[in-house]
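Shown next, in C-alpha cells, is the structure this report addresses.
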Amino acid sequence: MLGFIKKDLLMIKSNLKIFAILLLIYIVMAFQGQMDLSFLLPFMSVMVMISTFSYDFYNKWDAYAISLPNGRKNSVKAKYLATIILIIATTIIITILSFTISYVKTKTIDFENIIPTMIGSLFATVLIQSFMYPANYKFGPEKARIVLITIVFSVAIIMGVVTTYVDLSPLIKILDSISAYWLIAIPISMILMLYVSYKISEKIYNKKEM
C-alpha cells in the first residue's frame, strides 16, 4: 500500500517545478488584486491527479498492479489517499499564502472572506475529483476528460434552465436555515462524496479487464 502511495506522490513531484512557476505568477497577480489564490486549489489538485492517471495509462501500470497481492484494491485506495494528502498540503500552503497576502496588503487578515472561500474551493475540488476518478477508471484518461467536460457543460446548462424557469425561493430559504451548520455539513459532504466515489472506482477497477 505504501509503495502505491509513494508511486503517485513521486509522479506528482515531477510536476512541482511547473506548478511552482505558476504559483509564483498567481501570487504576483494576487498582490495586484487580479485574482484570488483560493481558485488555485481545485485547478492544481485536479490537474496534478489527472497527470497520474495519464502516467499510469501510458506506462501500462495497471498490468503490473493487478499482478500484486490485492493490487487492484490497493491501487485504487492509494490513489484516493494520495489525493487526500495532496489536497491537505495544497490547502495549507494556499491558506497560508492567502493570509500572508491579506496581511501584507491591508495589515489585517480577512478571516471572514478567506476561510469560507477556501472551504468552497475545497468542496469544489472534492466534487470534481469524485466524478473524475470513476470516469478515469471506467474510460481511461483521454475519454475521461471528454466525459468530465460533458458533465460540466450539462450541469451548467441544467442549472441555467433551472434558475431561469424554476422558483428557487423555497430552496434558498432551506439553505439559509441550515447556513449556521455549514462548518459541519460541508466536511461531512466531502467525506461522503470521496467515500462513494472510492467505492464506485473500486467496483469498476475490480471488474475491468486489462
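Determine the pairs where a residue that is at positive phi, located within region 194-210, has a partner that is part of a helix (DSSP H, G or I) and modelled with pLDDT of 95 or more with Cβ atoms under 6 Å apart, the partner being 6 or more residues away or on another chain.
Sorted first by the residue in region 194-210, then by its partner, the list stays empty.
Just for region 1-58: of the residues that are at pLDDT below 75 and among the charged types (D, E, K, R), which one is nearest to Lys107 (Cα to Cα)?
Result: Asp36.
Cβ-Cβ under 9 Å, sequence separation 6+ or interchain: first residue in region 106-117 and closer than 16 Å to Ala30 by Cβ, partner hydrophobic (A, V, I, L, M, F, W, C). Which pairs?
Ile109/Phe99; Asp110/Phe99; Ile114/Phe99; Thr117/Phe39
Scan region 68-89 and report the pairs whose first residue is farther than 16 Å from Lys207 by Cβ and at pLDDT below 85 and whose second residue is of a type in the set (Lys, Arg) and not in a helix (DSSP H, G or I), with Cβ atoms within less than 7 Å and a gap of 6+ or a chain change.
none
Could you tell me which residue of region 106-118 is surrounded by the fewest Cβ atoms within 10 Å (Cβ to Cβ), considering only residues that are touching a helix residue (DSSP H, G or I) at 6+ places or on another chain (Cβ under 6 Å) and either among the charged types (D, E, K, R) or in a helix (DSSP H, G or I) (or both)?
Asp110
The values are calculated or read from the model by the stated rules, or taken from the named source; none is laboratory data. The structure displayed is predicted, hence computed values, not measured ones. A quick note on method: Cβ atoms are made from the backbone with ideal geometry, for glycine too, and the neighbour counts reach across all protein chains shown.
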